[in-house]
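Notes follow the structure.
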Amino acid sequence: MYVKSNKQIVFVLCMALCLTLIFTGCSSSDNKGRVYWLNYKPESDEALNKVAEIYEEKTGVKVKIVTAASGTYSQVLNSEMDKSNPPSLIVMKNMNDINMWGDCCIDLKGTPIEKELNTDSYNLYYKDGRLAAIGYCYECYGIIVNKDLVEKSGHSMDELINFEGLKTVAEDIHARASELGFDAFSASDMDASSSWRFTGHMANLEYFYEERDDGGWTECPATLKGTYMDNYRLLYDLCINNSTVKPESLATGGHDPENEFKTGKAVFFVNGSWEYENVAKDVPSAVMIPYYCGVAGEEKAGLNCGTENYWAINSLASEADRKATMDFLVWCVTDAEASRILVDTFGVMPFMHSAESRNGFLANANRYANKGCYIMDWATSYQPNVDNYRTGLVSALNEYNADRSDSNWAKVETAFIQGWAQNYKAANE
């Protein structure tokens, strides 16, 4: 029996619905059109409905919010796209969704909402070159810094603009730790509760710069070149050799890097935006800086930012509904009241006129973007056979932590590069 592929089914569905709309007319009887947002984030449902109510009161345009239950978005999207009045605003999570639904996403290039972006780093393009979806919120990670302790050590945040500056500050603080009463980096434990910060997040610096050299990845590459392994080593060495604990003790874990930072025992803490609420109360001056690692031009680097939340306007919706949706999106990211509500629920939004994030680390990310700094996207998301791959990285890093020789670093490179190829093959056999 012949079974159509998912992409074939979607294409047939798109064509059928387009014909339906041609013969049955617009999906809204109101010339203003309407907005139907199929929402991916259940935790945002209340805020989105509040924004919808405000917009309806101001404009008379109806805004319908339907929120899929957690873990059911793909099924709900499939069902809703099969209806005569499909969502006008849909959420794409990644390139897999674009490959599936790209035929049904209008080209957002040159549109009013695209012009409001402060970066193109969260854009997803379909195979024909159309801008299919734009990221509307994101998370970030990097190096969290206690600004007060930097200044107490006799240094300035102005020095922390590249690896050379970071190295100078960190090594000086570590050398004077007993005098100062605090050290440079908190512990870089390799147990399961912590190792992801280095085998996932910090590893991203190697992947990102290699991806950038390749012109961008749209799918997992079968092999890595390892071009930036020396840069990864520079930053990793700086962390483990200028720390509150000895590198030899990292394998078993048991330290508390977050608490070391919160209690003023360490100036630097490698982590992400989700830590803001945890540390800001104890360290109000906490800010986040990029993974500086000695790459040329890194003074223009921003934070490591990524998302699984991309807006796409559905080509199957009527022309009036598509226009209403575009107008609504522009209002969402420019209106002071609406963007305040949305930023507070999403954390941050990458648009020039959106409200400032109250999450200080996400606000840092947006300020870097607004200054024209490049964003280090989450290329680490491509790690093949991820759990097995990272297990190999942890094992190799632990050998290196115990004896920081070149021969042991060669094992780390093997785990990074050959491990990638092996796990790609295993995941795609």
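Of all residues assigned to region 396-416, at least one qualifies as being within 23 Å of the chain's Cα centre (by Cα) and not small (Gly, Ala, Ser). Surrounded by 20 or more Cβ atoms within 10 Å (Cβ to Cβ) and either over 18 Å from ALA317 (Cα atoms) or among the acidic types (Asp, Glu) (or both): does that describe ALA68? It is true that ALA68 is surrounded by 20 or more Cβ atoms within 10 Å (Cβ to Cβ) and either over 18 Å from ALA317 (Cα atoms) or among the acidic types (Asp, Glu) (or both).
Conditions (1) at pLDDT below 95; (2) out of contact with any Pro (no Cβ under 9 Å at 6 or more places or on another chain); (3) surrounded by 21 or more Cβ atoms within 10 Å (Cβ to Cβ); (4) not hydroxyl-bearing (Ser, Thr, Tyr), marked per residue:
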residue: ILE161; (1), (2), (3), (4): no, yes, no, yes
residue: ARG176; (1), (2), (3), (4): no, yes, no, yes
residue: ALA184; (1), (2), (3), (4): no, yes, yes, yes
residue: ALA192; (1), (2), (3), (4): yes, yes, no, yes
residue: PHE208; (1), (2), (3), (4): no, yes, yes, yes
residue: GLU211; (1), (2), (3), (4): no, no, no, yes
residue: GLU219; (1), (2), (3), (4): yes, yes, no, yes
residue: TYR232; (1), (2), (3), (4): no, yes, yes, no
residue: LYS246; (1), (2), (3), (4): no, yes, no, yes
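Note on region 331-343: residues that are touching a Phe, Trp or Tyr at 6+ places or on another chain (Cβ under 9 Å) and hydrophobic (A, V, I, L, M, F, W, C) amount to 5.
Is it the case that some residue within region 60-70 is under 30 Å from HIS174 (Cβ atoms), assigned to a strand (DSSP E or B) and touching a helix residue (DSSP H, G or I) at 6+ places or on another chain (Cβ under 7 Å)? Quick ask: steps written out before the conclusion?
To start, the set of residues in region 60-70 that are under 30 Å from HIS174 (Cβ atoms) comprises none.
Within region 60-70, none of the residues are under 30 Å from HIS174 (Cβ atoms), assigned to a strand (DSSP E or B) and touching a helix residue (DSSP H, G or I) at 6+ places or on another chain (Cβ under 7 Å).
Quick check: is even one residue across region 51-63 surrounded by fewer than 21 Cβ atoms within 10 Å (Cβ to Cβ), at pLDDT below 95 and among the polar types (S, T, N, Q)? Checking region 51-63: not a single residue is surrounded by fewer than 21 Cβ atoms within 10 Å (Cβ to Cβ), at pLDDT below 95 and among the polar types (S, T, N, Q). When region 395-429 is filtered for residues that are of a type in the set (A, V, I, L, M) and crowded, with 18+ Cβ neighbours inside 10 Å, the ones remaining, listed by number, are ALA396, LEU397, VAL412, ALA415.
To keep it simple, each residue is scored yes or no on (1) of a type in the set (D, E, K, R); (2) at pLDDT below 95; (3) more than 26 Å from VAL283 (Cα to Cα).
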| position | (1), (2), (3) |
| --- | --- |
| SER357 | no, yes, no |
| GLY360 | no, no, no |
| ARG367 | yes, yes, no |
| ASN370 | no, yes, no |
| MET376 | no, no, no |
| THR380 | no, yes, yes |
| VAL386 | no, yes, yes |
| TYR389 | no, no, yes |
| SER395 | no, no, yes |
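If you filter region 201-240 down to residues that are polar (S, T, N, Q) and out of contact with any strand residue (DSSP E or B) (no Cβ under 9 Å at 6 or more places or on another chain), you find that the one that is farthest from ASN96 (Cα to Cα) is ASN231.
Within region 387-411, if we keep just the residues that are in contact (Cβ under 8 Å) with a residue 60 or more places away in the chain and hydrophobic (A, V, I, L, M, F, W, C), the residue that is farthest from THR199 (Cα to Cα) turns out to be ALA402.
Within region 92-124, take every residue that is assigned to a loop (DSSP other than H, G, I, E, B) and within 20 Å of the chain's Cα centre (by Cα) and give me the one that is modelled with the highest pLDDT. Result: GLU116.
Per-residue answers, yes or no, for (1) in the same structural domain as ASP158 (by TED's automatic domain parsing); (2) touching a residue at least 12 places away in the same chain (Cβ under 8 Å); (3) over 19 Å from ASP172 (Cα atoms):
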{"site": "ALA251", "(1), (2), (3)": "yes, yes, yes"}
{"site": "GLY264", "(1), (2), (3)": "yes, yes, no"}
{"site": "PRO284", "(1), (2), (3)": "yes, no, yes"}
{"site": "VAL287", "(1), (2), (3)": "yes, yes, yes"}
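Of everything in region 275-324 that is among the aromatic types (Phe, Trp, Tyr) and under 29 Å from PRO87 (Cβ atoms), the residue that is surrounded by the fewest Cβ atoms within 10 Å (Cβ to Cβ) is TRP311.
Give THR199, THR223 a once-over and let me know the one that is more than 17 Å from the chain's Cα centre (by Cα) and either in a loop (DSSP other than H, G, I, E, B) or surrounded by 18 or more Cβ atoms within 10 Å (Cβ to Cβ) (or both). Show your work before the answer.
Numbers: THR199 fails: more than 17 Å from the chain's Cα centre (by Cα).
Result of the check over THR199, THR223: THR223.
Count of region 183-208 residues, restricted to those that are touching a Lys or Arg at 6+ places or on another chain (Cβ under 8 Å) and either among the basic types (Lys, Arg) or farther than 20 Å from GLU248 by Cα (or both), is 1. Can you tell me which residue within region 326-345, out of those that are closer than 30 Å to ARG197 by Cα and surrounded by 21 or more Cβ atoms within 10 Å (Cβ to Cβ), is farthest from the chain's Cα centre (by Cα)? If we take residues in region 326-345 being closer than 30 Å to ARG197 by Cα and surrounded by 21 or more Cβ atoms within 10 Å (Cβ to Cβ), then LEU342 is farthest from the chain's Cα centre (by Cα). Candidates are the residues of region 125-147 that are within 30 Å of GLY165 (Cα to Cα) and assigned to a strand (DSSP E or B); the one that is modelled with the lowest pLDDT is GLU139. You will find that of SER44, SER27, the residue that is small (Gly, Ala, Ser), within 28 Å of the chain's Cα centre (by Cα) and either at pLDDT 90 or above or part of a loop (DSSP other than H, G, I, E, B) (or both) is SER44 and no other. For SER194, the conditions (1) in a helix (DSSP H, G or I); (2) among the hydroxyl-bearing types (Ser, Thr, Tyr); (3) in contact (Cβ under 8 Å) with a residue 12 or more places away in the chain are fulfilled apart from (1).
So for region 349-359 (the condition being touching a Phe, Trp or Tyr at 6+ places or on another chain (Cβ under 7 Å), surrounded by 16 or more Cβ atoms within 10 Å (Cβ to Cβ) and closer than 27 Å to ILE240 by Cα), does at least one residue qualify? Don't jump to the end; show me each part of the working.
We begin by selecting, within region 349-359, every residue touching a Phe, Trp or Tyr at 6+ places or on another chain (Cβ under 7 Å); these are 349-350, 359.
Subset that is surrounded by 16 or more Cβ atoms within 10 Å (Cβ to Cβ): 349-350, 359.
Of the ones still in play, those that are also closer than 27 Å to ILE240 by Cα are none.
No - not one qualifying residue is present in region 349-359.
The values are calculated or read from the model by the stated rules, or taken from the named source; none is laboratory data. Please read all numbers here as calculations on a predicted model, not as lab measurements. A quick note on method: Cβ atoms are made from the backbone with ideal geometry, for glycine too, and the neighbour counts reach across all protein chains shown.
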